[in-house]
Amino acid sequence: MANPEAHDPSLQSLWRPLRLLQASLDADIARIYAERRIEGLKPSHVMELLRLNARGPMTITELAESVRLSHSAVSQKVAAMRAAGWVRTAEGDDARTKKVALTGKARGVVGRLAAEWRATEAALADLEAEVPYPLSRVVTDLEQALARRSFHDRIAEKLAEDPSWE
């Protein structure tokens, strides 16, 4: 193939740099944990752990609503956190629900996780002050644009113009 880009559209991506940036930031946070010997914790699980610490045991549905994620996403996170020893689950008020609670292991580090959260937010504020258009403003502006016209509608319009979609 003379031009791979003609056959592989995934070689171009506007979102990939953002995903790579997020992965890089998460890797630095994970490094902070490793330096403090907090093993087996993913930065993406900390919000749920902090929320459980602040509000006590919750069902997966309650936890999902509190962190604004889907039930499925939180269920997967809970399974991973349970396997790593950060949370335990027990039957909820009925057989269809599970209550999620912190383990002793999690309670032992949650104060440090709260400190890391505050430090991370402060470091992000400093970082945003260094650039002319902060990421938090970009996100807000994108949310407002999507409220005017959904991403689904934008994609559907582009697909309607592409004969390969038929």
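Things worth noting here:
- Residue within region 115-122 that is surrounded by 12 or more Cβ atoms within 10 Å (Cβ to Cβ), within 18 Å of ASP26 (Cα to Cα) and aromatic (Phe, Trp, Tyr) present: yes
- Some residue of region 86-96 being aliphatic (A, V, I, L, M) and closer than 30 Å to PRO17 by Cβ: no
Each row is one residue, and each column tells you yes or no for (1) at pLDDT below 95; (2) surrounded by 12 or more Cβ atoms within 10 Å (Cβ to Cβ); (3) among the hydroxyl-bearing types (Ser, Thr, Tyr).
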| site | (1), (2), (3) |
| --- | --- |
| LEU11 | yes, no, no |
| LEU14 | yes, no, no |
| LEU18 | yes, yes, no |
| LEU50 | no, yes, no |
| VAL67 | no, yes, no |
| SER72 | no, no, yes |
| GLN76 | no, yes, no |
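- Condition check for ALA95: of a type in the set (Gly, Ala, Ser) and surrounded by 10 or more Cβ atoms within 10 Å (Cβ to Cβ): no
- The C-beta contact set for region 8-27 (first residue without any contact (Cβ under 8 Å) to a residue 24 or more places away in the chain, second residue open to solvent by less than 100 Å² (accessible area, probe 1.4 Å) and among the β-branched types (Val, Ile, Thr), distance under 6 angstrom, 6+ apart or interchain) is empty.
- Members of region 123-145 that are under 29 Å from ASP28 (Cβ atoms) and open to solvent by less than 80 Å² (accessible area, probe 1.4 Å): ALA123, LEU124, ALA125, GLU128, VAL131, PRO134, SER136, VAL138, VAL139, THR140, ASP141
- Considering each residue of region 103-113 in turn, none proves to be more than 30 Å from GLU35 (Cα to Cα) and open to solvent by less than 80 Å² (accessible area, probe 1.4 Å).
- Residues in region 27-48 that are open to solvent by 60 Å² or more (accessible area, probe 1.4 Å) and aliphatic (A, V, I, L, M): ILE32, MET47.
The values are calculated or read from the model by the stated rules, or taken from the named source; none is laboratory data. From a predicted model like this one, the values you see are computed outputs, not experimental measurements. Using ideal geometry, Cβ is built from the backbone for each residue, glycine included, and neighbour counts are taken over all protein chains shown. Surface accessibility is based on the protein's heavy atoms, side chains included, excluding ligands, DNA and RNA. Shrake-Rupley method; radii C 1.70, N 1.55, O 1.52, S 1.80 Å.
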